[in-house]
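Accompanying notes for the structure given below.
The values are calculated or read from the model by the stated rules, or taken from the named source; none is laboratory data. Remember, it's a predicted structure, so these values are computed and weren't measured experimentally. Quick reminder, even Gly has a Cβ in these numbers, built from the backbone with ideal geometry, and neighbours come from all protein chains shown. Protein only, heavy atoms only, side chains kept; ligands, DNA and RNA dropped before computing areas. Shrake-Rupley method; radii C 1.70, N 1.55, O 1.52, S 1.80 Å.
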Amino acid sequence: PYGICETVAPGIRRVLAPNPSPMTGAGTNSYLVGTGDLALVDPGPDDPRHLAALLAALEPGERIGHIFVTHAHRDHSGLTAALSAATGAPVLAFGDASAGRSALMQDLAAREGSRGTEGTDESFRPDRILADGEQVDGPGWSLTAFHTPGHFGNHLCLQWGGQVFSGDHVMDWSTSIVAPPDGDMGAYMRSLARLAQAGAVRLWPGHGAAV
């Protein structure tokens, strides 16, 4: 149900955004990770109802200390600015909407005059750029960022032990869309192979149930 905070695993809570569609399934999952000084994975769409739900999910003494964005599609990153303003938390991602795009797709975009596919958040700017393999720690959580382009050039998967927040790279309800120039099928297959070696026991996707 939209706006309800569900504990889905020890240290992981999920809040579903009210943006169901053929492209998002039931809606976008936002995850609260850890205790006290929390990490938030994927703010979701720019919707004041979802902002209110995320803030209402905080227990007494809790705050959102870090905002992680898996990729710059508006259904994942649209609420970033408002959530950061409300909490003071920095925004962490691989880069802006053009980051991580392969040379082949950069050339395609230049030749076709494309700035990105539908849903691209051109205004997205992280406060901190995460390198591939970089680890960020907080109380009760530790997230390692893996650059997993394919669905989107700046896509990250975030691993905490055997748990991986997989964004739109692997989902429960549907296969991922790979639409050039933001999508790159060669990069997507390589990223899938890399994720398969990560030792994950459970994936928490941006849409749908756990895998």
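Determine the calculated [θ] at 222 nm for the chain from helices alone, applying -39500 (n - 2.57) to every DSSP H run no shorter than 4 residues and normalising by the residue count; nearest 500 deg cm²/dmol. Could the numbers behind the result be given before it?
On the way: 5 runs with 43 residues, N = 211.
One gets -5500 deg cm²/dmol as the mean residue ellipticity at 222 nm.
Counting C-alpha atoms alone, how compact is segment 103-211: give Rg to one decimal and Dmax as a whole number, in angstrom.
So, for segment 103-211, Rg and Dmax equal 14.6, 47 Å respectively.
I'd like the carbon and sulfur percentage of the solvent accessible area for segment 71-211, probe radius 1.4 Å, heavy atoms only, ligands and nucleic acids excluded. Could the numbers behind the result be given before it?
Working: 3270 of 6120 Å².
Solvent-exposed carbon and sulfur of segment 71-211 make up 54 percent of the total.
In terms of the Cα gyration tensor, with a ≥ b ≥ c the square roots of its eigenvalues, is segment 70-142 rounded because a/c is under 1.5, prolate because a/b exceeds b/c, or oblate?
Working: a/c = 3.20, a/b = 1.65, b/c = 1.94.
It comes out oblate by the Cα gyration axes.
Placing unit charges on C-beta atoms (Lys and Arg positive, Asp and Glu negative, everything else neutral), compute the dipole magnitude of segment 42-102 about its Cα centre in debye, rounded to 20.
Values: 4 positive and 7 negative charges, 25 e Å.
Using Cβ point charges on Lys, Arg, Asp and Glu, segment 42-102 gives about 120 debye.
How much length is gained on full extension from LEU58 to ALA198, taking 0.36 nm per residue of separation minus their Cα-Cα distance? Walk me through the numbers on the way to the answer.
Details: separation 140, 0.36 × 140 = 50.40 nm, distance 3.04 nm.
Separation in residues times 0.36 nm, less the Cα-Cα distance, equals 47.4 nm.
Would you please give the FRET efficiency between ALA81 and ARG49, computed as 1/(1 + (r/R0)^6) with r the Cβ-Cβ distance and R0 = 25 Å, to the nearest 0.05?
Details: r = 16 Å, r/R0 = 0.66.
That gives a FRET efficiency of 0.95.
Relative to the first principal axis of the alpha-carbon coordinates of the chain, what is the inclination of helix 103-112, with its axis defined by its Cα atoms, in degrees from 0 to 90 and to the nearest 10?
70
Where only protein heavy atoms count, and the probe is 1.4 Å, what is the accessible area per residue for the chain in Å²?
Working: 8890 Å² over 211 residues.
With the other protein chains kept in place, the chain gives 42 Å² per residue.
Counting Lys and Arg as +1 and Asp and Glu as -1, each charge on the Cβ, what is the dipole of segment 81-211 about the Cα centre in debye, to the nearest 20?
On the way: 8 positive and 14 negative charges, 47 e Å.
It works out to roughly 220 debye.
Taking the 0 to 90 degree range and rounding to the nearest ten, how far is the long axis of helix 185-196 tilted relative to the main principal axis of the chain, both from C-alpha atoms?
It is inclined by approximately 40 degrees.
Expected output is a single nm value to one decimal: the length gained when fully extending between ILE177 and GLU6, i.e. 0.36 nm times separation in residues minus the C-alpha distance. What is it? Don't skip to the answer; put the middle values down first.
Working: separation 171, 0.36 × 171 = 61.56 nm, distance 2.72 nm.
Gain on extension, ILE177 to GLU6, equals 58.8 nm.
Lys and Arg at +1, Asp and Glu at -1: add these up for the other residues within a Cβ distance under 9 Å of THR28 and post the number. Intermediate results must be reported in sequence, preceding the final value.
Working: positive: none; negative: ASP42, ASP75.
Neighbourhood net charge equals -2.
Gap in Å between the Cα centre of segment 66-102 and the Cα centre of segment 146-164?
About 14 Å separates the Cα centre of segment 146-164 from the one of segment 66-102.
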